[in-house]
1. Consider GLU219 against the criteria (1) acidic (Asp, Glu); (2) at pLDDT 80 or above; (3) assigned to a helix (DSSP H, G or I): it satisfies all of them except one. Which criterion is unmet?
2. When residues of segment 1-37 are filtered for being over 18 Å from ILE237 (Cβ atoms) and of a type outside the set (A, V, I, L, M), how many remain?
3. State which residue pairs qualify: first residue more than 9 Å from ALA14 (Cα to Cα) and inside segment 170-196, second residue hydroxyl-bearing (Ser, Thr, Tyr) in any location, beta carbons under 6 Å apart, and separation of 6 or more residues or different chains.
4. If you go through segment 162-170 one residue at a time, do you hit one that is at pLDDT 85 or above, in contact with a helix residue (DSSP H, G or I) (Cβ under 7 Å, 6 or more places away or on another chain) and surrounded by fewer than 20 Cβ atoms within 10 Å (Cβ to Cβ)?
5. If you go through segment 234-253, how many residues are within 22 Å of LEU13 (Cβ to Cβ), more than 21 Å from the chain's Cα centre (by Cα) and part of a helix (DSSP H, G or I)?
6. Looking at VAL68, VAL51, VAL74, VAL83, which is the one that is modelled with pLDDT of 85 or more and either within 24 Å of ARG161 (Cβ to Cβ) or assigned to a loop (DSSP other than H, G, I, E, B) (or both)?
7. Are there any pairs with C-beta distances below 6 angstrom linking a residue in segment 11-24 that is closer than 17 Å to ALA69 by Cβ to a residue that is among the polar types (S, T, N, Q) and in a loop (DSSP other than H, G, I, E, B), with the two at least 6 apart or on different chains, and if so which?
8. Just to be sure I understand the filter: pairs with C-beta atoms under 8 Å, separated by 6 or more residues or on different chains, first member in segment 55-67 and free of Cβ contacts under 8 Å to residues at least 60 places away in the same chain and closer than 25 Å to PHE10 by Cα, second member among the charged types (D, E, K, R) and crowded, with 22+ Cβ neighbours inside 10 Å. Which pairs pass?
Amino acid sequence: MLLVSTDSFFVRLADVDGWSIAFLVALCAVPVQFGLHALVGDGSVRDATKVAPKAMVGIASLAAVSQVAFVLAVTKTDVANVVVIVAASPILAAGLAWAILREHTERRVWIAIGITVVGILTVVSGSLGGANLTGDLLAVLAIVAFGANIVWWRRHPELDRFVTLGLSAVFMMVLSGPFAQPFSLDWKAYAAIGAMGLVFNPAGRIAHTNAPRFAPAAEVALFTPIETVAATTWAWIAFSERPSASTIVGGLVVIAGVLYGTVGAQSAMRETAGRSSTI
């Protein structure tokens, strides 16, 4: 989450249009992801694509939409607005898992979904009638695509992470390419995009997609608010971008919802396990 929180910082630092940033970040990510597969992956890229090709294309497409929407959102609204809205993605994923995978969803999670929706509406309400509304709505699109992506990953844990993320970078290039002007930027923009695309973004995405393999999804979700707090802090310190009152209130509501749905769920699971072992 700390690595992911730098995405909005580098987008702000580049200070160019979102389409060009998305294209160049993807251009950097393609050799990184496929190079990592060559170093530590199992088998060839060709073999990896044969495991579940339709699922791989679906996951890569959702990841591409989510990433492009996120980058565009950061260029069109306050960083705090974007990361507060994105913070709701684990709870949204739980709802989508119920709808798509028919996974059992506790009453606590449904309450948490309601709380986070109120928080998101609070953030967006501060942008109604203003220039930030488009960016806020793009952030909502990003979390919908991201939440669906998490659910699909859970259904297909056998997919190769590096190859799938590499394919999503290719799709990002296809999606953003027609609107980008990537080869007329200044050195500061290229340096910021290079740091984001070659180091921080790939490392963050690899860590995030692998985390559910080693810890329960609810436990992984506990760390989501770190991005919200850290990204808002970077923007405040580096660019004097102070969050509005509605964003602060909405952010607190969203974080409360996420913690209620995840910390509470973990506590309930431990309590149930304790009673079972006693019996």
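The values are calculated or read from the model by the stated rules, or taken from the named source; none is laboratory data. Worth saying up front: this structure is predicted, and the values here are computed from it rather than measured. Methodologically, a virtual Cβ is constructed for each residue, glycine included, from the backbone with ideal geometry; neighbour enumeration extends over all protein chains shown.
1. (2)
2. 11
3. Short answer, once both residue conditions are applied: PHE171/SER61; ALA180/SER20; GLN181/SER20; PRO182/SER20.
4. Scanning segment 162-170 turns up at least one residue that is at pLDDT 85 or above, in contact with a helix residue (DSSP H, G or I) (Cβ under 7 Å, 6 or more places away or on another chain) and surrounded by fewer than 20 Cβ atoms within 10 Å (Cβ to Cβ).
5. Residues flagged as within 22 Å of LEU13 (Cβ to Cβ), more than 21 Å from the chain's Cα centre (by Cα) and part of a helix (DSSP H, G or I) within segment 234-253 amount to 3.
6. After ruling out the rest, the residue left standing is VAL68.
7. What qualifies is SER20/GLN181.
8. From segment 55-67, no pairs qualify.
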